[in-house]
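Asks: One structure, as structure tokens, below. Some questions next.
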Amino acid sequence: MRVSRLKKNAKLKNIAVLIPMREGDGDVLPENIELGNLNSILKDIRSRKDFTGKKGSLLRVPIYDNESVNNLYLIGLGKAENVNSNLVRDSLAWGLRTVGRQHNKKVLLLTGHLKYTGLNKIFGEISELSSYEFDKYKTKPEDYEPFSLEEIILLSSVESDIEHGKVYAKSQIYSRELANEPGCEINPVKLAEIAKKLADEKNLTCEIWDEKKLKSENMGGILAVGSGSENPPRLIHLIYKPRKARKKIIFVGKGITFDSGGLNIKPDNYMLTMKGDKTGACNVLGIMRGVSELKPDIEVHGILSCAENMPSGSAYKPDDIIRIRNGKTVEINNTDAEGRLVLADALSLASELKPDAIIDMATLTGACAVALGKWCAGLFVKDDELAEKILNASEISGERFWRMPHEDEHISESLKSNFADLTNSGQRYGGAIFAALFLSNFVDPKIKYAHMDIAGTDFYEKEYGIYSKGASAFGVRTCLEYIMNL
Ligand code: BES
Ligand code: MN
Ligand code: ZN
């Protein structure tokens, strides 16, 4: 959606006005623009207490005798002490979605009374995210009106920040579009084609390893997980390389295009939504897209480890012992703990490239979602400096991460196998920590490393804030923010 700045002496006609208000906010109308009788309407609303700014409240006032303003929308932010820029982002996105579904074409956003940092970037983000929906398979429209909004008008704006926010949002939408596609549409081979297309468009280097190459490169994890499917596995490696790079960062994504559990097959309602098990990989593609447009002086790699986890006569089996790229052997005691196996190969490969930091992203464990809920992702990182940088980025992006324990001698003990170097799953308790400890076996300990478990945050059943129904691309903005602040 277009974002523009109101020009001096511009005459407004038939627009909507959207004002986010905290409890107790008084004069919110700017003095220097002509909005007809809006001022007296607002006074009436306040004196009648029709709107008090309560969090989550929304008042729509249709106006019939005002040439410039047709609709006034007030959205409540709640008590001033609880409001921050992240709440403003979510509230405005929801406000815009509402305004957009009520036949409005242009909206004037009045936020001069809100002094929070980063609002311009947020305007850019919501101008794209508020209208996003995954509806390409619907032959009939939704039961609400289609989104009609075409333009957001601001009184003042910093264009570069708005553009910056738009790139974040578009990267996230790109990731959502892919993650939302079902398994019948996207498999590892298809994902590799999509990555190649992105690389061509954005001038990224792209290398794809097919099953033959995976074999000659000793990628035993990806091959084992992909062995049960008719759709062969792929490793995708994208590189953004500026002329003079200050640092080199590698993102690794779990790309299980469908997780049936394999021979340890998932029960029915656990298998539903497992098209989303490729979200980590889709997010890494989104990050690479974003980086190619933001052009930081940082070398950024994206490694996507892609396979379809299916049961069949050729599938890998419980009791199998496989060898990961770095030479370590793993005894399989659950084929549903597949993500860590494909990641193990990719992390070994990433370590060989000697980056300054490796960050992996994966819908890895149901245990993480149980521990933290669907609105906060798990962050596992030993290095305090890297943790702080990621958590700072997360504070700005509004995507919540919680730093989890990265050491536990009892859980470490349970990683041991009788016959191999490691086993791929342990007891139920501490499942997310077990998985994180497992992964750290495949990263060179000299390299700073963070693991993001985004199971749970990967998709939402209902719209909320900047999220639409379906894939969230949670983590994309945090990683882009991390890169841009390095
Ligand atoms: N993809 C799942 C994890 C998952 C669960 C993601 C729910 C999103 C929502 C992963 O491959 C898996 O199956 N994990 C198992 C691990 C277990 C077998 C050790 C799990 O979490 O139950
Ligand atoms: Mn699984
Ligand atoms: Zn999985």
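The values are calculated or read from the model by the stated rules, or taken from the named source; none is laboratory data. Because the structure is a prediction, the values reported are computed rather than measured. Methodologically, a virtual Cβ is constructed for each residue, glycine included, from the backbone with ideal geometry; neighbour enumeration extends over all protein chains shown. Note: accessible area is taken over every heavy atom of the protein model, side chains too, but ligands, DNA and RNA are not part of it. Shrake-Rupley method; radii C 1.70, N 1.55, O 1.52, S 1.80 Å.
Asks: Pick from E463, E409: which is touching a residue at least 40 places away in the same chain (Cβ under 8 Å) and among the acidic types (D, E)? Can you show your working first?
Replies: On the way: E409 fails: touching a residue at least 40 places away in the same chain (Cβ under 8 Å).
Selected residue: E463, the only one of E463, E409 that is touching a residue at least 40 places away in the same chain (Cβ under 8 Å) and among the acidic types (D, E).
Asks: To continue, here is another question. So, in the range 87-110, of the ones that are assigned to a loop (DSSP other than H, G, I, E, B) and open to solvent by less than 20 Å² (accessible area, probe 1.4 Å), which residue ends up nearest to R176 (Cα to Cα)? Spell out the reasoning first.
Replies: As a first pass, look at the range 87-110 and keep what is assigned to a loop (DSSP other than H, G, I, E, B): 101-105, 110.
Those still in the list that are open to solvent by less than 20 Å² (accessible area, probe 1.4 Å) too: 104, 110.
Working: N104: 26, L110: 30 Å.
Filtering first and then ranking leaves N104.
Asks: What's the number of the condition I236 fails, among (1) away from ligand 3 (no atom under 13 Å from the Cβ); (2) open to solvent by 30 Å² or more (accessible area, probe 1.4 Å)?
Replies: If we test I236 against (1) away from ligand 3 (no atom under 13 Å from the Cβ); (2) open to solvent by 30 Å² or more (accessible area, probe 1.4 Å), just (2) comes out false.
Asks: May I pose another question? So G456 ticks every box in (1) at pLDDT 95 or above; (2) within 16 Å of ligand 3 (Cβ to nearest atom); (3) under 24 Å from the mean Cα position of the chain (by Cα) but one. Which box is left unticked?
Replies: So G456 meets the others, but not (1).
Asks: Would you confirm whether or not the range 316-324 contains a residue that is among the acidic types (D, E), away from ligand 2 (no atom under 16 Å from the Cβ) and over 29 Å from E163 (Cβ atoms)? Spell out how you get there, then give the answer.
Replies: At the first step, the residues of the range 316-324 found to be among the acidic types (D, E) are 319-320.
Imposing the further condition that a residue be away from ligand 2 (no atom under 16 Å from the Cβ) reduces the set to 319.
Checking the rest, the ones that are also over 29 Å from E163 (Cβ atoms) come to 319.
The answer is yes; a qualifying residue exists.
Asks: Is it the case that I222 is assigned to a strand (DSSP E or B), open to solvent by less than 10 Å² (accessible area, probe 1.4 Å), within 16 Å of ligand 3 (Cβ to nearest atom) and over 29 Å from L486 (Cβ atoms)? Don't jump to the end; show me each part of the working.
Replies: Details: assigned to a strand (DSSP E or B): no; open to solvent by less than 10 Å² (accessible area, probe 1.4 Å): yes; within 16 Å of ligand 3 (Cβ to nearest atom): yes; over 29 Å from L486 (Cβ atoms): yes.
Against the criterion (assigned to a strand (DSSP E or B), open to solvent by less than 10 Å² (accessible area, probe 1.4 Å), within 16 Å of ligand 3 (Cβ to nearest atom) and over 29 Å from L486 (Cβ atoms)), I222 does not qualify.
Asks: T363 is checked against (1) β-branched (V, I, T); (2) farther than 30 Å from S130 by Cα; (3) buried (at least 23 other Cβ atoms within 10 Å of the Cβ) and fails just one. What number does that condition carry?
Replies: Every listed condition holds for T363 apart from (2).
Asks: Would you pick out the residues in the range 28-52 that are within 39 Å of the chain's Cα centre (by Cα) and open to solvent by less than 50 Å² (accessible area, probe 1.4 Å)?
Replies: Across the range 28-52, the qualifying residues are V28, L29, P30, I33, L35, L38, L42, I45, F51.
Asks: Let me ask something additional. Give G26, G76 a once-over and let me know the one that is assigned to a loop (DSSP other than H, G, I, E, B) and small (G, A, S).
Replies: Numbers: G76 fails: assigned to a loop (DSSP other than H, G, I, E, B).
That would be G26, the only listed residue that is assigned to a loop (DSSP other than H, G, I, E, B) and small (G, A, S).
Asks: Can you tell me which residue is farthest from ligand 3 (Cβ to nearest atom) among those in the range 348-367 that are assigned to a helix (DSSP H, G or I) and more than 23 Å from M310 (Cα to Cα)? I'd like the intermediate steps shown before the answer.
Replies: So in the range 348-367, the residues assigned to a helix (DSSP H, G or I) come out as 348-352, 366-367.
After this cut, where a residue has to be more than 23 Å from M310 (Cα to Cα) as well, the list is 348-352.
On the way: S348: 19, L349: 20, A350: 19, S351: 22, E352: 25 Å.
Top of the filtered list is E352.
Asks: Which residue pairs have Cβ atoms under 8 Å apart, sit 6 or more places apart or on different chains, and have a first residue in the range 359-370 that is more than 9 Å from ligand 1 (Cβ to nearest atom) and a second that is part of a loop (DSSP other than H, G, I, E, B)?
Replies: M361/I454; M361/G475
Asks: Right, another one. Is it the case that the range 38-48 has a residue that's part of a helix (DSSP H, G or I) and of a type in the set (G, A, S)? Reasoning before the result, please.
Replies: First, pick out the residues of the range 38-48 that are part of a helix (DSSP H, G or I): 38-48.
Subsequent filtering for residues that are of a type in the set (G, A, S) retains 40, 47.
So far as the range 38-48 goes, yes, one or more of its residues are part of a helix (DSSP H, G or I) and of a type in the set (G, A, S).
Asks: Residues of the range 387-429 being more than 19 Å from E331 (Cβ to Cβ) and within 12 Å of ligand 1 (Cβ to nearest atom), which ones?
Replies: The initial filter retains those residues of the range 387-429 that are more than 19 Å from E331 (Cβ to Cβ), namely 387-410, 429.
Within the range 387-429, Y429 is the sole residue that qualifies.
Asks: Hey, another quick one. Just to verify a result, which residue in the range 440-468, among those that are outside any loop (DSSP other than H, G, I, E, B) and in contact with a Phe, Trp or Tyr (Cβ under 8 Å, 6 or more places away or on another chain), is most open to solvent (accessible area, probe 1.4 Å)?
Replies: At the first step, the residues of the range 440-468 found to be outside any loop (DSSP other than H, G, I, E, B) are 440, 448-453, 459-460, 464, 467.
Filter once more, keeping what is in contact with a Phe, Trp or Tyr (Cβ under 8 Å, 6 or more places away or on another chain): 440, 450-453, 460, 464, 467.
Details: S440: 53, A450: 0, H451: 1, M452: 2, D453: 0, Y460: 9, Y464: 78, Y467: 9 Å².
This residue is Y464.
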